[in-house]
Amino acid sequence: MDELRSKLFYEQKNGYDLIGTDERIDCENYCAAYMRFLNASRTEREAVKNAVALAEDEGFVPYVPGMALHPGMKLYQKNRDKALFLAVIGKRSLAEGAVIAGAHVDAPRLDLKQVPLYESDELCYLRTHYYGGIKKYQWVTIPLELHGVVMLRDGSSVEIALGREKDEPKFVITDLLPHLAADQMKKTMAEGITGEGLNLLIGSAPYADEGGDRVKLAVLSLLNDLYGLTEEDFISAELVAVPAFDVCEIGLDRSLIGGYGHDDRVCAFAELRAILDVEAPERSCVCILADKEEIGSEGVSGMQSAAFDTFMKDLCESQGVALRRCYEKSVCLSADVTAAFDPLYPEVSEKRNEARINYGVGVCKFTGVKGKIQSSDASAELVGRLRRLFTDKKVVWQMTELGKVDQGGGGTIAKFMAKRNIDTIDAGVPVLSMHAPFEVVAKLDCYMTYKAALSAFEAL
Ligand code: MN
Ligand code: MN
């Protein structure tokens, strides 16, 4: 019976039972580099900037449309400083398709409103408008830092990153003390903290003069000294408040990583590192770091934008290939995080079909909600190809879907890639506390997602 069981049953193993000491060392080194990247990449703009720096170190050069392409060429193109495409030209023509990996580098956060600054009872605040799916109560009473860019009236721009360094001030959204929160505590978690209540405390010391706006005046004069800002300049600014926690190891065994923005910079770094490491691939490899996934992949820098098609069309034209011919033969790993089974909240999961921490990269055949609505649902053929590849390359992986049927759901860039007639499947790192200001992933799963992306570039 035991023999028959092991022959017929599908059984998963914890990744630690499958990897050796050498691979554990590789995993540690990989994760140390990822932690540095994540710590320094608090916004999509910073992620793109840091990715370009890493790519240039590895010999990638800016792509100029019309360039003659030859195998092994390493190219990148930025889309408005907020998204990035990288390519390594393969030995075969783009008529045979490309291997694409796409992740996103935007993350849930608190954007400042365009007229954000106000004073109330001698305290100064910035009003925010949240971006992406957040549980609002998680964003109060934690240290926040301010990042972004301001376009000044004269057309020049100022970059701001305030609170990242140890000695720099942070900001905070206050909450009610429990002693006076009897009414608040009766509200639902969705109502207890409101969108209009997410106002950032940024100052309290008044300007030495008279008036009901002395604190605001003092704050603005500091901003003016530091960055040359006036109140009107916020109108043409993209400033965001993000958690000010440093990325760190979690657990006595240091097996986990805590930090802000794992979704989806953990997969973005995996596919980035993979395309930097791929050597002389057969088919051309393309890596996407997209923006705006958290609000539906909209806008010029999201995956619904024609910017990606333009990049690919330019590459194809250099080889006399029609874009549609390239797309129909291409394959895409939509590298996005998935929910990890959380033993503290088992009621939302169907355990057999949920990703588990340390069981490797999670492959998602479909996303969506209810009856797979809004999902691109990868074919059995594509799952089969991936299954063979990952088994051959000793990638620790698992099949997953997002929670119980009818419990909820979500989407990724997958359906927008599939719409282009590209065979697409989701694969990424399982995350605990996804979309919280401080998310948790397992080192082993991070490393296996890198290995999955590298295997795909080399042989999918
Ligand atoms: Mn994501
Ligand atoms: Mn997300």
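Listed values, structure above:
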read-out	value
Distance cut-off 31 Å, percentage of C-alpha pairs in the chain lying past it	45
Under 5 Å, built H, 5+ apart or other chain: amide partners of V431	T338, A339, A340
Contact order relative to length of the stretch 345-410, as percent, for alpha carbon pairs under 8 angstrom and 6 or more apart	49
Computed log₁₀ I(q)/I(0) - Debye formula, equal Cα scatterers, no solvent, the stretch 109-243, q 0.11, 0.12, 0.22 Å⁻¹	-0.43, -0.51, -1.42
Measure of compaction for the stretch 247-365 (Cα Rg per 2.2 N^0.38 Å)	1.34
Of A340, G371, G203, farthest towards positive along the dipole that unit charges on Lys, Arg, Asp, Glu beta carbons give the chain	G371
Placed amide H near G203: partners under 5 Å, 5+ positions off or other chain	C124
Degrees between helix 262-277 axis and first principal axis of the chain (Cα, 0 to 90, nearest 10)	50
Relative contact order computed over the stretch 109-243 (Cα-Cα under 8 Å; 6+ residues apart), in percent	39
Restraint check, K186/K351; K292/K419; K370/K451, Cα-Cα greater than 27 Å	K186/K351; K370/K451
Gap separating the Cα centres of the stretch 308-329 and the stretch 253-271, nearest whole Å	32
Cβ charges +1 (Lys, Arg) and -1 (Asp, Glu), total dipole of the chain, debye	1700
FRET efficiency estimate (nearest 0.05) - Cβ-Cβ, M67 to L226, R0 60 angstrom	0.90
Most positive-pole-ward Cα, P116, A190, A237, against dipole of the stretch 109-243 from beta carbon charges	A190
Inter-centroid distance (Cα atoms) of the stretch 403-460 relative to the stretch 121-173, Å	29
Sequence-separation-based contact order of the chain, relative, with Cα cut under 8 Å and 6+ spacing, percent	22
Charge dipole (the chain, unit charges on Cβ, about Cα centre) - positive-most of L86, Y125, L180	L86
The chain, helix-only ellipticity at 222 nm - DSSP H runs n ≥ 4, -39,500 (n - 2.57), divided by all residues, nearest 500	-9000 deg cm²/dmol
Loop trypsin sites (Lys or Arg not before Pro), the stretch 1-81 (other Cβ atoms within 10 Å of the site Cβ: 15 or fewer; DSSP)	K13, R80
Nearest-ten-degree value, helix 214-227 long axis tilted from longest Cα axis of the chain	50
For D423, residues with placed amide H under 5 Å, excluding near neighbours	S330, C332
V149-L344 FRET efficiency (beta carbon distance; Förster radius 45 Å; 0.05 resolution)	0.70
Degrees separating the helix 443-459 axis from the principal Cα axis of the chain, which is the longest one	50
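Here, each number is a calculation from the coordinates, and none is a lab measurement. These numbers come from a predicted model, not from an experiment. Counting neighbours? That spans all protein chains shown, and the Cβs are built from the backbone with ideal geometry, glycine included.
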